[in-house]
Amino acid sequence: MISEKEAQEYLADGLKCIGCGATIQTTEPNEIGYTPMSALIKGFDQEEVLCQRCFRLRHYNEIQPVSLTDDDFRRLLNQISETKALVVYVMDVFDFSGSMIPGLHRFVGSNPILLVGNKVDVLPHSIRRSKVKDWMRQQANIAGLRPIDIMLTSGKNGDEVSTLLDKIEQYRNGQSVYVVGVTNVGKSTLINQIIKDVTGDQQDVITTSRFPGTTLDRIEIPLDDSSDIIDTPGIIHADQMAHFLSAKDLKYVSPQKELKPRTYQLNSEQTLFFGAMARFDYVQGPKTGITAYFENNLQIHRTKLEKATAFYEKHAGTLLTPPNDKDMAKMPPLRRHEFKTTMKTDIVVDGLGWVTVPANVVVAAWAPEGVSVLTRKAMI
């Protein structure tokens, strides 16, 4: 076991947490990188130097708040535009709009972007992957991005990680690689899979969690003698559905398994509630099958449109959960978005799921204020 004096010497050299990359310190409990000296010494003995936050996250699945702001994260990303590198932009295929980094072009400069759609394992197998890529390219183009290629992966089970590494090698031209993304898109999990593929090491060296915001500083993974894969901190996107929920309720929003379709025969003027987080109104059209694609354990309730508002006011947080009653105060009010379809269409509530509806009907989707609701040509 090392002595306290030796530990102090390591601290003086700028010792980093192997979980989040923050600089370890032992004096300010409420600041980033804090760990007690006794825990630091024990960490050296166990070859696991973690800040207190990452230790509790790894061993107890408990997240502790930090004081970094959106500006802090963006300042850390500014270095990308000042160097020549390949930018690997990780997005959540289940939460595309919530995965967008506002003004990304300012961070990447003229560097090429390889767009990666993560969590593809949760999509129904009946969805053709080419359709997902086409949709991602369209949405990226609308945002002003022109990716050189698009990949679909699963950080959770390692799907296509080897192919992704081949693409990275193809496009990086011997340069370093920056991996960017907002919080909660599975970026750190994907990085862990890359590390395992590159090094053969089965130990997680970056803290992973279903909670947003667990990487606090850049982490460098050597590719060769002169270049690295650099994992950057996730930018907090305040309008992500995940930010409105407690840790306990995230399991009802972030799918862990392939989505199973649930079909409802609806008459005009009927409503579906998806917990207390979203609402779908079948406003006008013939009796038809409406198919919902949401986390498999999320409860869906049906009622009449004329009673829907009163039903929500009475049951949100009790019968309609998540969130539960005590967490409803964090949930923004639901806002209505009406659509008249001209083709078979997916109505997407970003970060929660989607409903597939036929052509020539009038529908409305309600989502928390700030959460995107969009339409696309039906994937299935």
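The values are calculated or read from the model by the stated rules, or taken from the named source; none is laboratory data. Note that this is a predicted model, so its numbers are computed, not measured. Don't worry about glycine lacking a Cβ; one is built from the backbone with ideal geometry, like all the others, and counts go over all protein chains shown.
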Among strands (runs of 3 or more DSSP E) completely within the range 325-373, the ones holding 1 or more residues that are at pLDDT 95 or above and over 19 Å from Phe294 (Cβ atoms) are 334-340, 362-368
Those residues of the range 1-21 that are within 24 Å of Asn192 (Cβ to Cβ), among the small types (Gly, Ala, Ser) and in contact with a helix residue (DSSP H, G or I) (Cβ under 8 Å, 6 or more places away or on another chain) come to a total of 1
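Residue-by-condition table, conditions (1) buried (at least 21 other Cβ atoms within 10 Å of the Cβ); (2) within 22 Å of Ile221 (Cβ to Cβ); (3) touching a Leu at 6+ places or on another chain (Cβ under 6 Å); (4) not polar (S, T, N, Q):
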position: Ile2; (1), (2), (3), (4): no, no, no, yes
position: Lys5; (1), (2), (3), (4): no, no, no, yes
position: Tyr10; (1), (2), (3), (4): no, yes, no, yes
position: Lys16; (1), (2), (3), (4): no, yes, no, yes
position: Ile24; (1), (2), (3), (4): yes, yes, yes, yes
position: Glu28; (1), (2), (3), (4): no, no, no, yes
position: Leu40; (1), (2), (3), (4): yes, no, no, yes
position: Val49; (1), (2), (3), (4): yes, yes, no, yes
position: Gln52; (1), (2), (3), (4): no, no, no, no
**Prompt:** Restricting attention to the range 322-337, does a residue exist that is over 29 Å from Lys248 (Cβ atoms) and not acidic (Asp, Glu)?
**Reply:** no
Pairing a residue in the range 261-283 that is part of a strand (DSSP E or B) with any residue that is buried (at least 23 other Cβ atoms within 10 Å of the Cβ) and of a type in the set (Lys, Arg), where Cβ atoms lie under 9 Å and the two sit 6 or more apart in sequence or on different chains, gives Thr271/Arg279; Leu272/Arg279; Phe273/Arg279
When the range 174-198 is checked residue by residue, the ones that are farther than 25 Å from Ser130 by Cβ and either over 17 Å from the mean Cα position of the chain (by Cα) or assigned to a helix (DSSP H, G or I) (or both) are Gly174, Gln175, Ser176, Val177, Tyr178, Ser188, Ile191, Asn192, Ile195, Lys196, Val198
Per the list (1) surrounded by 18 or more Cβ atoms within 10 Å (Cβ to Cβ); (2) farther than 15 Å from Gly353 by Cα; (3) free of Cβ contacts under 8 Å to residues at least 60 places away in the same chain; (4) of a type outside the set (Lys, Arg), residue check on Leu319 breaks on (1)
